[in-house]
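S.K.: Just dropping this structure here.
The values are calculated or read from the model by the stated rules, or taken from the named source; none is laboratory data. Predicted, not measured: the structure shown is a model, and the values here were computed from it. Note that we place each Cβ from the backbone using ideal geometry, even for glycine, and neighbour counts take in every protein chain shown.
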Amino acid sequence: MIAMGLQNERIMTWWITNVLINGERGSIRLHQGKITHLGQISSVHSEKQMDGEGCWLLPGLINAHDHLGLDLLPHLGNPPYANSEEWGKAVYQPDRSPIREIWELSYWERLLWGAYRNLLSGVTTVQHHDRAHRQLGSLPIQVPAYRWCHRPGSKLKGWYGWARHAPFFIHAAEGTDEASYREVDQLHQQGKLGPRTVLIHGIALKPKDIEVLAQTDTGLVWCPSSNQFLYGQTAPIKALRKAGITLALGTDSTASGPDTLLAELQTVRGLLPDAELMAMVTTNAARLLGVPERGQLRVGSPADLLLICSPGASSAAEALLTCSPQDIRLVLVRGMPALVRAPFIESFPSTRLSPVNVNGELTMLQGPISTLLKRTRPLLGERLYFGQPIELLTAKPLPSPPRER
Ligand SMILES: [Zn+2]
């Protein structure tokens, strides 16, 4: 049943059969990077197909807040802090380890590491909250057009892509001091709130601010682990949910956040229903990022897809919220393989994928991961990347048998 030689996935038509789609066994047809059929297999005829081995089929996840260039940093500082400026001043010491060594890498190399942090947990789209780079479109994950400002009043701002109608992202109410409590009011008075504005954090939201967000249809990205680390508290998520605010989940960078979006999801499991947490990394996040066609399994949507092999799960949300990163066996971005593990490796003989060991398991990744590892290891030594060892494949010679004396 496994089709060999899916070499030209973007233009070709192919099927993944025998997958769980919303709990039902079914098949999906991909054509030119889009989903063109979902459900029971219809007539396959001569079209290529791959057996999905009974895995759960999910839409690619969306991380609604990250700073891709900062994702090699360990947690920095001695919290709690009053606001992000205080934290930034305390920890930004580019002449000292570990920032000194990490800054030896180019911005592009650091962006790539940020992309792999996301890809390894099934993320196919990221909101990058930082300056753009001319090659952002070449990362193994997708970064939609955005406008951004670091925080209210900051000179750090910019945009990426066809930005005229792109959503505007800003850190706001990130802190526990008086200034943080005033920020939403200021943004409202400046006319900056609305359906194309997305606030990040919202720790210092007052009940009146939440009303304003609801009235203006302003969205919010929740970064609970980062908030807990830096400030010892987080956004009033239940009040926000009750007010009907569109909520998405973001990791923030590794300098304050979790290893991955998967870890973040699993940390907050139980605070909100599973299906809502899943929406926060799929449909809700897609809406806030201005890409509403993503984050769902629907005919016509881009084929940003995951296969999670988690036989004990009773729903897609449960599979997502209980799986380990190793249970993610296949990630497709626009129908193209971006992460491939057994038993699907044979189906993608393409030379565009680089083989590496992740947690001791052969993992094929899109993009220059091998070159990146070679560049990074002399600077940072042996280390975990996002909680996992990632190593070059070395063709070690077999040990010679002991000589008989
Ligand atoms: Zn941030």
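S.K.: How many residues are farther than 24 Å from residue 121 by Cα and surrounded by 15 or more Cβ atoms within 10 Å (Cβ to Cβ) when one looks only at the range 144-153? Step through it out loud before you land on a result.
M.R.: Of all residues in the range 144-153, those farther than 24 Å from residue 121 by Cα come to 147-153.
Now restrict to residues that are surrounded by 15 or more Cβ atoms within 10 Å (Cβ to Cβ): 147-152.
Residues meeting the conditions: 6.
S.K.: Please state which of the following conditions residue 273 fails to meet, knowing it meets all the rest: (1) modelled with pLDDT of 95 or more; (2) under 19 Å from residue 19 (Cβ atoms); (3) over 16 Å from the mean Cα position of the chain (by Cα).
M.R.: (2)
S.K.: Also, quick follow-up: Which pairs turn up if I take residues in the range 317-336 that are farther than 19 Å from residue 278 by Cβ and look for partners that are of a type in the set (A, V, I, L, M, F, W, C) with beta carbon separation below 6 Å, at least 6 apart in sequence or on another chain?
M.R.: Short answer, once both residue conditions are applied: 335/30; 335/303.
S.K.: Looking at residue 54, is it within 16 Å of the ligand (Cβ to nearest atom) and either surrounded by fewer than 22 Cβ atoms within 10 Å (Cβ to Cβ) or in a strand (DSSP E or B) (or both)?
M.R.: Working: within 16 Å of the ligand (Cβ to nearest atom): no; either surrounded by fewer than 22 Cβ atoms within 10 Å (Cβ to Cβ) or in a strand (DSSP E or B) (or both): yes.
So residue 54 fails the test.
S.K.: Return yes or no: is residue 293 in contact with a Pro (Cβ under 8 Å, 6 or more places away or on another chain), more than 21 Å from residue 184 (Cα to Cα) and not hydroxyl-bearing (Ser, Thr, Tyr)?
M.R.: Working: in contact with a Pro (Cβ under 8 Å, 6 or more places away or on another chain): yes; more than 21 Å from residue 184 (Cα to Cα): yes; not hydroxyl-bearing (Ser, Thr, Tyr): yes.
Yes.
S.K.: Tell me, yes or no, whether the range 60-77 has at least one residue that is within 25 Å of residue 21 (Cβ to Cβ) and part of a loop (DSSP other than H, G, I, E, B).
M.R.: Residues of the range 60-77 within 25 Å of residue 21 (Cβ to Cβ): 60-64.
Filter once more, keeping what is part of a loop (DSSP other than H, G, I, E, B): 60.
Yes - at least one qualifying residue is present in the range 60-77.
Residue-wise test of (1) within 19 Å of residue 64 (Cα to Cα); (2) crowded, with 20+ Cβ neighbours inside 10 Å; (3) of a type in the set (Lys, Arg).
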| position | (1), (2), (3) |
| --- | --- |
| 142 | yes, yes, no |
| 155 | no, no, yes |
| 162 | yes, no, no |
| 182 | no, no, yes |
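S.K.: I've got another one for you. So, residue 316, is that one surrounded by 21 or more Cβ atoms within 10 Å (Cβ to Cβ) and either under 16 Å from the mean Cα position of the chain (by Cα) or in the same structural domain as residue 227 (by TED's automatic domain parsing) (or both) or not?
M.R.: Values: surrounded by 21 or more Cβ atoms within 10 Å (Cβ to Cβ): yes; either under 16 Å from the mean Cα position of the chain (by Cα) or in the same structural domain as residue 227 (by TED's automatic domain parsing) (or both): no.
No, not satisfied.
Results for (1) within 16 Å of the ligand (Cβ to nearest atom); (2) modelled with pLDDT under 95; (3) within 27 Å of the chain's Cα centre (by Cα), shown as yes or no for each residue.
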residue	(1), (2), (3)
165	no, yes, yes
173	yes, no, yes
178	no, no, no
187	no, no, no
194	no, no, yes
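S.K.: Pick out, from the range 225-336, the helices (runs of 4 or more DSSP H) lying fully within it that include 2 or more residues that are farther than 30 Å from residue 86 by Cβ and away from the ligand (no atom under 16 Å from the Cβ). Step through it out loud before you land on a result.
M.R.: Working: elements: 237-242, 261-267, 274-280, 283-288, 316-322.
Per the criteria, 274-280, 283-288, 316-322.
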